[in-house]
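**Student:** One structure is given below, represented as structure tokens, and several questions about it will come after.
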């Protein structure tokens, strides 16, 4: 729902446009309306195509693999929505982007970072799941030279995005004061069911669609050349895990991930690492505790409100953003586990 401040802004813009329509093309009126548009809705302000955005600060974590670590913070205007890990892999023919960030501006800065590294075209933009902090930068890669990339995601991502499309645009308008056109939410053009391999030119990437875990549309990307695995939000490091799928399913997927031969693991949030599968241990311990304690609360016939207050309290202090997400995790776990046999 729009705040009173945003409602007033919309009223002022519409009033200005109405005055302009009735009074003709008076320069002073036109200037006032354009100032209103630029001040309240930056996405309406015209962007000078000659002004190149500041490239994201990337780290080459393995040969040909470049990564930006997002801020370990809530997705908000103060950090420009730049809270998820985003990266790209360079082959001999083209580039694959893996997640594009939480606003179109983050996507533009990621695109500038790619252009800083290589003149090769971006042929794939891969989304690890449908959460806005990972996909709202996709629009920055539309219309790039060479016909533009294919947008790749789990076969269920399109349906998940369709359910949340309007909500995402409303939240971005409310919190970031960015008015996204419907076409700014970019849907996949290549859906992955099971396993798919793509070739960047001498560089094979294995894309794998997983059963419902963190979400119902989680996708991993394994670079066969270096053994680097982009896990998206199947793995959180530092940032408390966020449950938006199935707790039982997530633990099962983690058990399967443990068996993969991985040299470098890149989580959706937090630092990458080579201690595989050891770096999954804190997340596994948290999710197992959440499962165990929620089941116990249900067995004791606690209400969901009571469970939210008691399960996992106090939350381990090493988890960032626990105050924002732990209660939500308990709520989701209770709703899932309440109906177990």
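**Student:** Within the range 208-223, does at least one residue satisfy the condition of being in contact with a strand residue (DSSP E or B) (Cβ under 9 Å, 6 or more places away or on another chain), at pLDDT 95 or above, more than 23 Å from residue 72 (Cα to Cα) and part of a loop (DSSP other than H, G, I, E, B)? Write out each step before concluding.
**Tutor:** Filtering the range 208-223 for residues in contact with a strand residue (DSSP E or B) (Cβ under 9 Å, 6 or more places away or on another chain) gives 208-210, 213-223.
Cutting the leftovers down to at pLDDT 95 or above gives us 208-210, 213-223.
If we keep only those that are more than 23 Å from residue 72 (Cα to Cα) too, we end up with 208-210, 216, 222-223.
Those still in the list that are part of a loop (DSSP other than H, G, I, E, B) too: 210, 216.
Looking through the range 208-223, at least one residue is in contact with a strand residue (DSSP E or B) (Cβ under 9 Å, 6 or more places away or on another chain), at pLDDT 95 or above, more than 23 Å from residue 72 (Cα to Cα) and part of a loop (DSSP other than H, G, I, E, B).
**Student:** Further question on the same structure: Only residues that are out of contact with any helix residue (DSSP H, G or I) (no Cβ under 6 Å at 6 or more places or on another chain), under 15 Å from residue 104 (Cβ atoms) and part of a loop (DSSP other than H, G, I, E, B): list them for the range 129-157, please.
**Tutor:** Result: 136, 142, 143, 144.
**Student:** Another question about this same structure. Mind checking which pairs have a first residue in the range 296-310 that is in contact (Cβ under 8 Å) with a residue 24 or more places away in the chain and a second that is surrounded by fewer than 11 Cβ atoms within 10 Å (Cβ to Cβ), Cβ under 6 Å, 6 or more apart or different chains?
**Tutor:** Final answer for the pair search is none.
**Student:** I would also like to ask the following. Determine which single condition residue 238 fails, assuming it passes every other condition in (1) within 26 Å of residue 164 (Cβ to Cβ); (2) surrounded by 16 or more Cβ atoms within 10 Å (Cβ to Cβ); (3) in the same structural domain as residue 99 (by TED's automatic domain parsing).
**Tutor:** Residue 238 satisfies every listed condition except (2).
**Student:** Let me ask another. Looking only at the range 204-219, filter to residues that are surrounded by 23 or more Cβ atoms within 10 Å (Cβ to Cβ) and under 15 Å from the mean Cα position of the chain (by Cα); which one of those is farthest from residue 281 (Cα to Cα)?
**Tutor:** Of the residues in the range 204-219, the ones surrounded by 23 or more Cβ atoms within 10 Å (Cβ to Cβ) are 205, 207, 210, 213-215, 217-219.
Pick out the ones that are also under 15 Å from the mean Cα position of the chain (by Cα) and you get 214-215, 217-219.
On the way: 214: 16, 215: 20, 217: 23, 218: 20, 219: 20 Å.
Among residues in the range 204-219 that are surrounded by 23 or more Cβ atoms within 10 Å (Cβ to Cβ) and under 15 Å from the mean Cα position of the chain (by Cα), the one farthest from residue 281 (Cα to Cα) is 217.
**Student:** A further question on this structure: Condition check: touching a strand residue (DSSP E or B) at 6+ places or on another chain (Cβ under 9 Å) and touching a residue at least 12 places away in the same chain (Cβ under 8 Å). Does residue 138 satisfy that? Show your work before the answer.
**Tutor:** On the way: touching a strand residue (DSSP E or B) at 6+ places or on another chain (Cβ under 9 Å): yes; touching a residue at least 12 places away in the same chain (Cβ under 8 Å): yes.
Judged against the criteria, residue 138 is a match.
**Student:** Let me ask another. Taking interchain pairs and intrachain pairs at least six residues apart, which have beta carbon atoms under 7 angstrom, with the first residue in the range 100-117 and under 17 Å from residue 175 (Cβ atoms) and the second in a helix (DSSP H, G or I)?
**Tutor:** Hits for this filter: 101/107; 101/110; 102/132; 102/133; 103/176; 104/139; 104/140; 104/184.
**Student:** Any idea which of (1) in contact (Cβ under 8 Å) with a residue 40 or more places away in the chain; (2) farther than 19 Å from residue 318 by Cβ; (3) crowded, with 17+ Cβ neighbours inside 10 Å is the one residue 252 doesn't satisfy?
**Tutor:** Here residue 252 clears every test but (3).
**Student:** Related question: Report yes if some residue within the range 293-303 is in a loop (DSSP other than H, G, I, E, B) and not assigned by TED's automatic domain parsing to the domain that holds residue 321; otherwise report no.
**Tutor:** Let us first name the residues in the range 293-303 that are in a loop (DSSP other than H, G, I, E, B), namely 300-303.
Pick out the ones that are also not assigned by TED's automatic domain parsing to the domain that holds residue 321 and you get none.
Looking through the range 293-303, none of the residues is in a loop (DSSP other than H, G, I, E, B) and not assigned by TED's automatic domain parsing to the domain that holds residue 321.
**Student:** Given the options 173, 243, name the one that is within 22 Å of residue 76 (Cα to Cα), part of a loop (DSSP other than H, G, I, E, B) and in contact (Cβ under 8 Å) with a residue 12 or more places away in the chain. Give the derivation first.
**Tutor:** Values: 173 fails: part of a loop (DSSP other than H, G, I, E, B).
Exactly one residue qualifies, and that residue is 243.
**Student:** Taking the stated definitions as given, is residue 117 over 19 Å from residue 80 (Cβ atoms) and in contact with a helix residue (DSSP H, G or I) (Cβ under 7 Å, 6 or more places away or on another chain)?
**Tutor:** Values: over 19 Å from residue 80 (Cβ atoms): yes; in contact with a helix residue (DSSP H, G or I) (Cβ under 7 Å, 6 or more places away or on another chain): no.
No; evaluated as a whole, the condition is false for this residue.
**Student:** Next question. If you go through the range 253-288 one residue at a time, how many are in a helix (DSSP H, G or I) and either closer than 15 Å to residue 336 by Cα or in contact with a strand residue (DSSP E or B) (Cβ under 8 Å, 6 or more places away or on another chain) (or both)?
**Tutor:** Restricting attention to the range 253-288, the residues satisfying the condition of being in a helix (DSSP H, G or I) are 253-257, 278-288.
Then drop every residue that is not either closer than 15 Å to residue 336 by Cα or in contact with a strand residue (DSSP E or B) (Cβ under 8 Å, 6 or more places away or on another chain) (or both), which leaves 253-254, 257, 279-280, 283, 287-288.
So the count comes out to 8.
**Student:** So which residues in the range 176-194 are in a loop (DSSP other than H, G, I, E, B) and farther than 14 Å from residue 103 by Cα?
**Tutor:** From the range 176-194, those in a loop (DSSP other than H, G, I, E, B) are 177-181, 185-189, 193-194; that's our starting set.
Answer for the range 176-194, where residues must be in a loop (DSSP other than H, G, I, E, B) and farther than 14 Å from residue 103 by Cα: 187, 188, 189, 193, 194.
**Student:** Right, here's the next one. Criterion first (in a strand (DSSP E or B), surrounded by 14 or more Cβ atoms within 10 Å (Cβ to Cβ), in the same structural domain as residue 224 (by TED's automatic domain parsing) and modelled with pLDDT of 95 or more) does residue 160 satisfy it? First the steps, then the outcome.
**Tutor:** Details: in a strand (DSSP E or B): no; surrounded by 14 or more Cβ atoms within 10 Å (Cβ to Cβ): yes; in the same structural domain as residue 224 (by TED's automatic domain parsing): yes; modelled with pLDDT of 95 or more: yes.
Taking the combined requirement at face value, the residue does not satisfy it.
The values are calculated or read from the model by the stated rules, or taken from the named source; none is laboratory data. Nothing here was measured: the structure is a model prediction, and the numbers come from that model. Every residue, glycine among them, receives a Cβ derived from its backbone with ideal geometry; neighbour counts consider all protein chains shown.
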